[in-house]
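Have a look at the structure below before the remarks.
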Amino acid sequence: MRLHIFVCVFAAAAALPLHAGERVTMTVSPLQSLAPSNMVVRVHVAPDASNRAVVIVADSGEYYRSSVVQLDGESGPRMIVLEFRSVPGGDYAIRAAVVDAAGHELGSVRKEAIVLRGAGGQ
């Protein structure tokens with residue numbers, strides 16, 4: 001009987017979002033790698049009628065890459081997966097922001113990642 005209760009509680013907890021109440025969360029993989037590296041960014045967006053776009057940026061000061069993914073309010077995707085390929089060495093700030101139709105930021109999240117330079121200085 002205890003096992004059934006545990007399974008039911010676990011299943012209910014797994015169905016809930018990990019960061020309830022947050023408009024946007026993000027995971028970056030890998031957080032540490034060797035250059036050149038492929039970085040996978042997963043952005044989770046809470047459904048909202050005012051969501052119009054997600055702006056994702058990877059910036060090391062020496063290297064900058066960004067992408068904008070259009071959203072359609074509440075019916076937009078809840079998860080966006082983006083891959084930055086062949087990222088050179090550096091300390092990266094990866095940022096994702098949800099914006100409305102006027103371009104105002106509704107929520108954002110930031111992570112750090114390190115791409116170690118190889119022997120060739122990349």
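Coordinate-derived values only; no laboratory data. Everything numeric here is computed off the predicted structure, so don't read it as measured data. Cβ coordinates were reconstructed from backbone atoms using ideal geometry, including for glycine residues, and neighbour counts include every protein chain displayed.
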task = Taking the Cα centre of region 22-116 as origin, sum charge times position over the Cβ atoms of Lys and Arg (+1) and Asp and Glu (-1), and report the length of that vector in debye to the nearest 20.
result = 180
query = What is the extension gain from Leu34 to Glu105, computed as 0.36 nm multiplied by their sequence separation minus the C-alpha to C-alpha distance, in nm to one decimal?
reply = 22.3 nm
inquiry  = Give the residue list of chymotrypsin sites (Phe, Trp or Tyr not before Pro) in region 21-122 that are DSSP loop and have at most 16 other beta-carbon atoms within 10 angstrom.
reply    = Tyr63
request  = For region 27-122, state which GluC sites (Glu not before Pro) are in a DSSP loop and have at most 10 other beta carbons lying within 10 Å of their beta carbon.
outcome  = Glu62
Shape metrics for region 22-116, restricted to C-alpha atoms - Rg then Dmax, Å = 13.4, 41
